[in-house]
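Only one structure is covered here, and it is reproduced in the block below.
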Amino acid sequence: MREISVDLIRDSVARLCQDANILLPPDIQAALREAVKQETSPAGLAVLEDLLENAALAGKMHLPICQDTGMAVVFADIGQEVHITGGWFEDAVRLGVADGYTSGYLRPSVVSDPLLRQNTGDNTPPVIHTRIVPGDQLHLTVAPKGFGSENMSATRLLSPSEGRDGIRRFVLETVEKAGPNPCPPVVIGIGLGGTLEKAALLAKQALLLPAQSVNEQAHLADLERDLLQAVNRLGIGPGGLGGRVTALALHILAWPTHIAGLPVVLNMSCHATRHAEATL
Amino acid sequence: MERRHIDLPLGDLAARSLKAGDLLALSGPLFTARDAAHKRLTEALEQGLPLPVALQGQTIYYAGPCPAPPGQVIGSVGPTTSGRMDAYTPLLLQHGLRIMIGKGQRSPAVIAAMRLHGAVYLGATGGAGALLSQHVRSAEVVAYPDLGPEAIRRLVVVDFPVIVLIDSQGNSLYQSGPARYRLEG
């Protein structure tokens, strides 16, 4: 049994909130530089150059990449040999988010009730997903999620007979309808299978994959390629101003499902598909 | 591409001369307002109460900035999705609003009201909030301070880079731009 104190968890979450919001990950920067090579639209190119300049400036001046510093989504893989000491795990994560956002001059963007809509002032509470895993380590991923793109996400419970074509139609419809709203170029996470909530979680987790990664299963890798190409033929382009690059990356995560179902969830993210992680 | 320099507030004739696709650099005062502030402005107008800011000929930037770090006048301040303000916009246009800055699509009702009142909708690069913050010279909360990031702020901007998304004739870059690059099949 290894002991990890709630103080360490709180401080790690605080630091990860700031890192995720301020430092655009190298894989996304590489994807943006690749997009500059592909893009032929002058207005689209200007947007891509703004985003690269913005990322450089954010890092240099310690400013968030985007003013929508998101709702904090925290994934915690907790080794079953770990004993958390000094308090409750979820309190530590919540305090870490409050500290990270307040001391980092990150925008508080959370309201306490979906209808009463009072800003909580410190961006809490976060959304926490825990998993018990083998081992004696605790792995934290903080993925602040902006809502310009979150609002453009969608769910569909397809019939198995609709298959690959049904998925393709759903993805293209969703991206086309979103148009300029999610700040293209976007990153697209797709969850396939499982149940309603499992597919949604897979879609969110797909956004955490390295931009250049490819699904290990050949049929899903092929579907990823096909969907990304089809999305980029829509012409929406950077900023929605028209162009060849509408999505920088598209990842699928799949799970076994029921004989009667084919759940699919598309989680939309802007270019700032932010996440930072640490192992304690 | 050359940017046309524009001083705010913009006169009616000048607003009507802007065309979808024009690149502009804005200098002068504007107000930030987003969801919660729009709701309150609308409630005030519906109750016949005076507005906390005069909208005549003015510019609203759909944005909720990050807090200003030490030594900065404002934190990151990029545009938010304008469509969420659509329900409130025709009434504000009727009360003198002439320029909106944001990102994303607008409803047919908003575009019709823009044509009626000679208003324009401009776009700033979504996701470039750090970059855009460098064009802000001053920022002060002028209404609804309890709304935090959603309070109405008066910003003075210099060479703030925007593109005309929808002009006062209803021409939309969001239609003409993607249509040019769309590949069928």
| query | Quick one: A:D99 ticks every box in (1) away from chain B (no Cβ under 11 Å); (2) assigned to a loop (DSSP other than H, G, I, E, B) bar one, so which box is it? | reply | (2)
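Picking from B:R180, B:R153, which residue would you name as being closer than 22 Å to A:T69 by Cα, within 14 Å of another protein chain (Cβ to nearest Cβ), basic (K, R) and open to solvent by 40 Å² or more (accessible area, probe 1.4 Å)? Walk me through how you get there before you give the answer.
Working: B:R180 fails: closer than 22 Å to A:T69 by Cα.
Selected residue: B:R153, the only one of B:R180, B:R153 that is closer than 22 Å to A:T69 by Cα, within 14 Å of another protein chain (Cβ to nearest Cβ), basic (K, R) and open to solvent by 40 Å² or more (accessible area, probe 1.4 Å).
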| message | If I filter segment A:266-280 down to residues being in a strand (DSSP E or B), open to solvent by less than 10 Å² (accessible area, probe 1.4 Å) and aliphatic (A, V, I, L, M), which single residue comes out as farthest from A:T141 (Cα to Cα)? | response | A:L266
| Test set (1) away from chain B (no Cβ under 14 Å); (2) within 17 Å of the chain's Cα centre (by Cα); (3) part of a strand (DSSP E or B) - A:L209 fails condition number | (3)
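Kindly check whether there is at least one residue in segment A:221-229 that is modelled with pLDDT of 95 or more and outside any helix (DSSP H, G or I).
Pass one, segment A:221-229, residues modelled with pLDDT of 95 or more: A:221-229.
With outside any helix (DSSP H, G or I) added as a condition, the list becomes none.
There is no residue in segment A:221-229 that is modelled with pLDDT of 95 or more and outside any helix (DSSP H, G or I).
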| Name the pairs: first residue in segment A:86-107 and in the same structural domain as A:L140 (by TED's automatic domain parsing) and open to solvent by less than 70 Å² (accessible area, probe 1.4 Å), second residue in a helix (DSSP H, G or I) and not hydrophobic (A, V, I, L, M, F, W, C), Cβ to Cβ under 6 Å, at least 6 apart or on different chains? | A:A92/A:R10; A:G96/A:R10; A:G100/A:Q18; A:G104/A:Q18; A:L106/A:N21; A:R107/B:P149
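Residues that are open to solvent by 30 Å² or more (accessible area, probe 1.4 Å) and either under 23 Å from A:G121 (Cβ atoms) or among the small types (G, A, S) (or both): find the strands (runs of 3 or more DSSP E) completely inside segment B:1-86 holding 1 or more of those. Full working, then the answer.
On the way: elements: B:4-7, B:23-32, B:59-61.
In segment B:1-86, no matching strands (runs of 3 or more DSSP E) lie anywhere.
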| said: Residue pairs, Cβ under 9 Å, 6 or more apart or interchain, first in segment A:157-183 and open to solvent by less than 80 Å² (accessible area, probe 1.4 Å), second of a type in the set (F, W, Y). List them. | reply: A:L158/A:F170; A:E162/A:F170; A:G179/B:Y174; A:P180/B:Y174
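Report, by residue number, each residue of segment B:97-146 that is among the hydroxyl-bearing types (S, T, Y) and either in a strand (DSSP E or B) or under 16 Å from B:G170 (Cβ atoms) (or both).
Applying the first criterion (among the hydroxyl-bearing types (S, T, Y)) to segment B:97-146 yields B:107, B:121, B:125, B:133, B:138, B:144.
Within segment B:97-146, B:S107, B:Y121, B:S138 qualify.
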| request: Could you check B:N171 against (1) more than 14 Å from chain A (Cβ to nearest Cβ); (2) open to solvent by 30 Å² or more (accessible area, probe 1.4 Å); (3) not small (G, A, S) and say which number it fails? | output: (1)
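Being at positive phi, assigned by TED's automatic domain parsing to the domain that holds A:I190 and over 20 Å from the mean Cα position of the chain (by Cα): is that true of A:G121 here? Please lay out each step first, then the result.
Working: at positive phi: yes; assigned by TED's automatic domain parsing to the domain that holds A:I190: no; over 20 Å from the mean Cα position of the chain (by Cα): yes.
In short, no.
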| field | Hits in segment B:148-185 - residues which are modelled with pLDDT of 95 or more, over 17 Å from A:A43 (Cα atoms) and of a type in the set (A, V, I, L, M, F, W, C) | value | B:A151, B:I152, B:L155, B:V156, B:V157, B:V158
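The values are calculated or read from the model by the stated rules, or taken from the named source; none is laboratory data. All of these numbers come straight from a predicted model, not from anything done at the bench. No Cβ is skipped: glycine too gets one built from the backbone with ideal geometry, and neighbour counts run over all protein chains shown. What goes into the accessible areas is simple: the full protein's heavy atoms, side chains included, and nothing from ligands, DNA or RNA. Shrake-Rupley method; radii C 1.70, N 1.55, O 1.52, S 1.80 Å.
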